[in-house]
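Below is one structure, written out as C-alpha cells, with a few remarks after it.
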Amino acid sequence: MFANFATAISTSTAVTLALFYLMNLLVSIQPQALVEPRERMDLKWVRVADPEPPPRTIDDIPKRETFEPPQTPTTPSGDPGERITVSKPKVTATPIDDFSGTGLQMQDGPLVAVVRVSPTYPARAQQAGLEGWVLVKFDVLANGTVSNVTIVESSHSMFEKAARRAAERFRYKAKVVDGVPVGTTGMQNLFTFRMEH
C-alpha cells in the first residue's frame with residue numbers, strides 16, 4: 001500500500017512539473033504584449049425622422065340587410081291576430097286585470113289581448129343596421145298568462161331572444177266557455193324589427 005501511495009505522489013509531482021514547464025515555454029514563445037491602444041470604432045449617430053402615420057381611411061359602410069317577413073300567420077278563431085312592429089327600442093305596457101277572480105259570474109266570450117309588449121331592439125342589431133322579423137308560437141293559460149313560447153321562424157337569430165321575452169309578457173283575457181275560463185294553444189305572433197328612417 002505504501003508503494004502505491006509513493007507511486008501516486010511521484011506521478012502527480014512529475015505531471016505538475018511538466019505542466020509548469022510547458023506553461024513557461026508557451027509564455028516565452030508569445031510576442032510581447034501590445035502596449036499601443038487598439039483602434040476604436042467611431043460610432044456616428046444619425047437622427048432619423050419619425051415616420052408619418054398612415055392616413056386614416058373610412059371603410060365603406062356595409063349596406064343594410066333587409067328581410068321580407070312571411071305572410072301574416074293564422075291564429076285560432078277569436079284572436080285578432082295583430083302584428084307588432086318595432087319602430088323604437090322601447091317597451092310599452094298596459095295595466096292588466098285579473099279576470100279569474102271569484103264572486104263574479106263570467107259570461108262566455110272570445111280570447112282578448114289585454115297587454116301586447118313591444119320587444120326591445122337588440123343593441124348589436126341596431127349598431128349593425130340590421131332589420132328582421134321573428135315568428136313565435138305560444139299557449140295562453142286560463143289565467144291569461146303566456147307559456148311555452150317557442151320560435152317558429154326568424155330572419156336572424158339575433159332577434160329571437162327579444163321576441164321571446166316580449167311574448168312571455170303578453171297578457172290575455174282567456175276564452176270563457178260555459179262560464180269557465182279555458183286555455184288556448186297554438187297562438188302565433190309575428191314581431192317585425194324595423195329601423196327608424
Seminar exercise, completed: Quick tally, 1.4 Å probe accessible area for ASP50, ASP139, sorted with the most first, runs ASP50, ASP139
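Keeping every protein chain in place, order VAL177, VAL140 by accessible area at 1.4 Å, biggest value first, i.e. largest first. Numbers along the way, then the final one.
Working: VAL177 70, VAL140 5 Å².
I get VAL177, VAL140, largest accessible area first.
Using a 1.4 angstrom probe with every protein chain in place, what is the largest-first accessible-area order of ILE29, ILE151, ILE9? All intermediate terms of the calculation are to be shown ahead of the outcome.
Numbers: ILE29 115, ILE151 45, ILE9 80 Å².
Sorted descending by solvent-accessible area, the residues read ILE29, ILE9, ILE151.
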For this session: When a/c is below 1.5 the answer is rounded, else prolate if a/b is larger than b/c, else oblate, so apply that to the range 113-197 with a ≥ b ≥ c taken from the square roots of the Cα gyration tensor eigenvalues.
Result: prolate
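The values are calculated or read from the model by the stated rules, or taken from the named source; none is laboratory data. Note that this is a predicted model, so its numbers are computed, not measured. All accessible areas refer to the heavy atoms of the entire protein, side chains included, with ligands and DNA or RNA removed. Shrake-Rupley method; radii C 1.70, N 1.55, O 1.52, S 1.80 Å.
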